[in-house]
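The structure under discussion appears below in the form of structure tokens.
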Amino acid sequence: MVSILITVWNEEVNILNCISSLSALETSIPHEIIVINNNSTDNTQRSSLIA
């Protein structure tokens, strides 16, 4: 299992594309995507949950 860690702060505009791109990877290696939100003041948290 590979863990992909994404640290973010106020990345509401970019996080959806980032997570979507990583989710679209075609690989036989099991993986998980973990978003670490550093107390963003925009809607980064909400956007990452939608993805």
Exercise for review: Would you please list the contacts, defined by Cβ atoms under 6 Å and residues six or more apart or on different chains, that run from a residue in region 5-28 that is under 16 Å from Ile50 (Cβ atoms) to a residue that is of a type in the set (Ser, Thr, Tyr) and surrounded by 15 or more Cβ atoms within 10 Å (Cβ to Cβ)?
Suggested key: Val8/Thr44; Glu11/Thr44; Glu12/Thr44; Glu12/Ser47; Ile15/Thr44; Ile15/Ser47; Ile15/Ser48; Leu16/Ser47
Revision key, fill the gap. Selection over region 9-39 where residues are on the phi > 0 side of the Ramachandran plot and in a helix (DSSP H, G or I) yields a count of 0
Check your understanding: Of Thr7, Thr44, Thr27, which residue is β-branched (Val, Ile, Thr) and surrounded by 13 or more Cβ atoms within 10 Å (Cβ to Cβ)?
Key -> Thr44
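Read the figures in this text as sums done on the coordinates, not as results from a lab. Just so it is clear, the model here is predicted, and its values are computed rather than measured. Glycine also receives a Cβ, built like all others from the backbone with ideal geometry; neighbour counts cover every protein chain displayed.
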